[in-house]
């Protein structure tokens, strides 16, 4: 499924870009490769893993509820990409963003903000919503097919009951007709004196 594969790629991007971005001058401070801090853990690594895992679940899930769980996990991870960076100012000292600040010129900073957080989160939410819509539509179709199957089974059971009732009525009518005929055939008529008068000796 395309949306699942794209969620996997977007999740991998979100989790890895803070570590490899500095090598091509696309980074948040500190702009050095493979530097770990708690801000990158909470705002980039964890939502990236969540989106990646959600995409994998969407790809390999054998049941619709499990696939829906994966799509919801990816959607929530995308939402955290969008809102996590501004919300991080609540728990950091001095109100600075936990993931640091974008580096470079004005255009570079705007592109980094989109590629690291807001744009990435919006893309994850979009493809997760596509997966959710697909599985929801499939669920409604399955419910309709199940209702049609139940209705067909009810009609078949009613037809079978009518056939059995008709066969029983015919058998009862047959017994009612055959009974008097058989009794008439087995009755021996006694000779009547009307036809055989007594002999005179």
Between residue 169 and residue 16, what is the spin-label point distance in nm, taking each point 7 Å from the Cα along the Cα→C-beta axis? 7.6 nm
Compute the length gained on full extension between residue 111 and residue 60: take 0.36 nm times their separation in residues and subtract their Cα-Cα distance, giving the result in nm to one decimal. 15.1 nm
Ranked highest first by the average count of other Cβ atoms within 10 Å around their residues, in what order do 51-60, 31-40 fall? 51-60, 31-40
For residue 37 and residue 161 in the same chain, what is the full-extension length gain: residue separation times 0.36 nm, less their Cα-Cα distance, in nm? 37.3 nm
Between residue 76 and residue 96, what FRET efficiency comes out of the Förster formula 1/(1 + (r/R0)^6) with R0 = 25 Å and r the beta carbon distance, rounded to 0.05? 0.50
Using the beta-carbon distance between residue 87 and residue 150 and R0 = 30 Å, what value does 1/(1 + (r/R0)^6) give for FRET efficiency, to the nearest 0.05? 0.05
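No lab work stands behind these numbers, since they all come straight from the coordinates. Since we're looking at a predicted model, the values are computed, not measured. All Cβ positions, glycine included, derive from the backbone under ideal geometry; neighbour counts span all protein chains shown.
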